[in-house]
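One structure is given below, represented as structure tokens, and several questions about it will come after.
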Amino acid sequence: MSKPESHQRLFANRIYEMGTENAFKIGPHITRLESEGHKVVRLNLGEPDFEMPFFVKEEVKRQLDLGNTRYCDPKGIVSLRQAIANQMKEMRGLSVSPEQVVVFPGGKPSIGLCMHAYCNPGDEVIYPSPGFPIYESFTLYSGAIPVPLHLSEENNFAFTAEELEQLITDKTRLIMLNFPSNPTGGVATEELLRSVAEVIKQKCSPHVRVYSDEIYEYIVFDGKKHVSIASFPGMQERTVIASGISKTFAWTGGRIGYAVLPTEEEAEVLKNLNVHYFSCVAPFSQEGARVAFEHPESKAAIARMVSIFQHRRDVIVKQINEIDGIRCKTPGGAFYLFPNIAGACEKVGALDGYNRFPDELRKQTSPSTLFQMFLLYHHHVATLDRNAFGCIGTEGQHYLRLSIASELSELEEGVRRLKGAVEDRSGFDKFMKTIARDVTCNLNWQAFLS
Ligand code: PLP
């Protein structure tokens, strides 16, 4: 939203600073195309295409029948917090008290609530870019200063401890990490995390917090195991470990996430923020989440899902790399591919088209956005563009995020259409002259195009 002159302002300044999560923004475009009778291949979804485990579903139903539908502990029911503490021991070797655990309605709320808890306006937040869009957007919303830590394709979408070190200042309050990563699927090696931990211990005051978003912790490929930065000596006391059940148990509508805080004092602050925003999290969902953690069949259900994701990854990465103009790294986790489409943008004319725009228009879009919208409107494949994952300092970066949370046949159809789009220069010309004007930026592009 662009900020009007102060006398015409409806909202508080911070609302004009806020971005969004484009995964939700693209929905109306898909609906529009489908209402016109097109079959859209959806490679935009950050949601496992599996059923939630039946035993979790049964528990939720049972809880509803028991009448467990009222307010409960704003910190989270103690049995779930205990189950989370046990999981911290099993997965990360950490001793955690249930009093350090706070449950939220999803994995997302603790991102913004931690910014509220730890940052004053003017403080700095370091976050990965490309990274989950809420990191950058909420930093701006909270009045803190966003400091993107750019992940490079050459480094398999990780970064080096030296790169992080250069960004740390006296104003740094939060360092956001996310492995396995959305959108790149990058997984940090143990050596990287060890060196990052050393830099943080040397350069940051003990009050600086690492926010380690580990929501894809179980979706790691090639027999590897998730490693948390909190498991390195001296890091548990500096790290907020955040995770949730949306991805692991294919239950995005259950709205259960949680954070493990370094101290009970911090957990109490987060609990009080919960009181202000949500009162509490649905108790029947919390009981379902507890069963998800404790049920003997859970591990097998997760392993099945992960092996299907891995098979899809292997097939689709290979097919994408056969498209002239696109190259794609093999992700180590999560369920996303993040192909470089610079060659495709060049081939269809998205780079030229973008460069011909006046400055004003260029600031509001990017070649990968043009290609993304062309792919959607002309070839009916929904994806997300580079700028959906942080916008600051991304000039010259041309990527798409493809989700592999769909049946293999659907994914293969998506790749066929993607190849068709890369070869469709005349279609792109047409797109630039017609549809582009009303599907991106809500600007009248026609004025610039004619
Ligand atoms: N963190 C990351 C890195 C994510 O990718 C997501 C969802 O896509 C979330 C947090 C939010 O998860 P939830 O849907 O549980 O709020």
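Values quoted throughout were computed directly from the atomic coordinates according to the rules given, and no laboratory measurement underlies them. Every value quoted in this text rests on a predicted model; they were computed, and no experiment measured them. Every residue, glycine among them, receives a Cβ derived from its backbone with ideal geometry; neighbour counts consider all protein chains shown.
Give me the extension gain from L408 to E198: residue separation times 0.36 nm, minus the current Cα-Cα distance, reported in nm with one decimal.
Details: separation 210, 0.36 × 210 = 75.60 nm, distance 4.18 nm.
Between L408 and E198, full extension yields 71.4 nm more.
When only Cα pairs under 8 Å and 6 or more residues apart are kept, what is the percent relative contact order across the chain?
Working: 824 pairs, mean separation 94.4, N = 450.
Relative contact order here is 21 percent.
Applying the Karplus parametrisation 6.51 cos²θ - 1.76 cosθ + 1.60 with θ = phi - 60° to the phi angles of region 268-282, what ³J(HN,Hα) value in whole Hz is obtained for each residue in order, glycine and proline being reported as x?
5, 5, 5, 4, 5, 5, 4, 4, 5, 8, 10, 6, 6, 9, 3
What residues from region 119-134 fall in the zone where the backbone N is under 15 Å from a label point 7 Å along the Cα-to-C-beta line of T169?
Residues 120-127 qualify, since their backbone N sits under 15 Å from the label point.
Quick one: if you stick a label point 7 Å off each Cα along the C-beta vector at Q364 and D73, how many nm between them?
It is 5.0 nm.
With runs of 4+ DSSP H residues as the only contributors, calculate the mean residue ellipticity of the chain at 222 nm using -39,500 (n - 2.57) per run, divided by the residue total and rounded to the nearest 500. Don't skip to the end; give the middle numbers.
Values: 20 runs with 198 residues, N = 450.
Helices in the chain give a 222 nm mean residue ellipticity of -13000 deg cm²/dmol.
Pick from Q310, Q364, Q397 the residue whose mean-square fluctuation is largest in a GNM of the chain, springs joining Cα atoms under 10 Å.
Of Q310, Q364, Q397, the most mobile in the Gaussian network model is Q364.
Turning to a different aspect of this structure: Starting with the highest mean, order 298-304, 311-317, 343-349 by the number of other Cβ atoms within 10 Å, averaged over the residues of each peptide. Please report the intermediate quantities before stating the final value.
Details: 298-304: 14.4, 311-317: 17.9, 343-349: 21.7.
Highest-to-lowest ranking by the protection proxy: 343-349, 311-317, 298-304.
Around P128, with a cut-off of 12 angstrom between Cβ atoms, what is the net charge of the other residues, counting Lys and Arg +1 and Asp and Glu -1?
On the way: positive: none; negative: E136, E163, D213.
So the environment of P128 carries a net charge of -3.
D385's amide H: which non-local residues (gap 5+, or another chain) put their own amide H closer than 5 Å, with H modeled 1.01 Å from N in plane and none for Pro or chain starts?
R401
Where in region 249-291 is the amide nitrogen less than 15 Å from a point lying 7 Å along the Cα-to-Cβ axis of E51?
Backbone N within reach: 250-251.
Pairs of alpha-carbon atoms within less than 8 angstrom and 6+ residues apart define the contacts here; what relative contact order does region 54-297 have, in percent?
Values: 450 pairs, mean separation 72.9, N = 244.
30 percent.
A further question on this structure: Take the alpha-carbon centre of region 349-386, take the same for region 8-70, and report the distance between them in whole Å.
After rounding, the separation between the Cα centres reads 25 Å.
Next question, about the same structure. Once fully extended, how much extra length lies between M18 and L33, figured as 0.36 nm per residue of separation less the alpha-carbon to alpha-carbon distance? Intermediate results must be reported in sequence, preceding the final value.
Numbers: separation 15, 0.36 × 15 = 5.40 nm, distance 2.75 nm.
Stretched out fully, the M18 to L33 stretch lengthens by 2.7 nm.
Rounded, prolate or oblate: which fits region 195-342, taking a ≥ b ≥ c as square roots of the Cα gyration tensor eigenvalues, rounded meaning a/c under 1.5, else prolate when a/b beats b/c? Could the numbers behind the result be given before it?
Values: a/c = 2.13, a/b = 1.34, b/c = 1.59.
In terms of gyration-tensor shape, oblate.
Tell me, how many Å apart are the Cα centres for region 85-134 and for region 240-306?
12 Å
Roughly speaking, what is the centre-to-centre gap between region 318-342 and region 415-430 when only Cα atoms are used, to the nearest Å?
17 Å
Another question about this same structure. What residues qualify as long-range amide H neighbours of L149, i.e. H under 5 Å apart, gap of 5 or more or another chain, H built at 1.01 Å from N?
Residues meeting the amide H criterion: Y127, S129.
Quick check: residue separation of E423 and N321 times 0.36 nm, minus the Cα distance between them. What number comes out in nm? Intermediate results must be reported in sequence, preceding the final value.
Working: separation 102, 0.36 × 102 = 36.72 nm, distance 1.47 nm.
Taking 0.36 nm per residue and subtracting the Cα distance, the gain is 35.2 nm.
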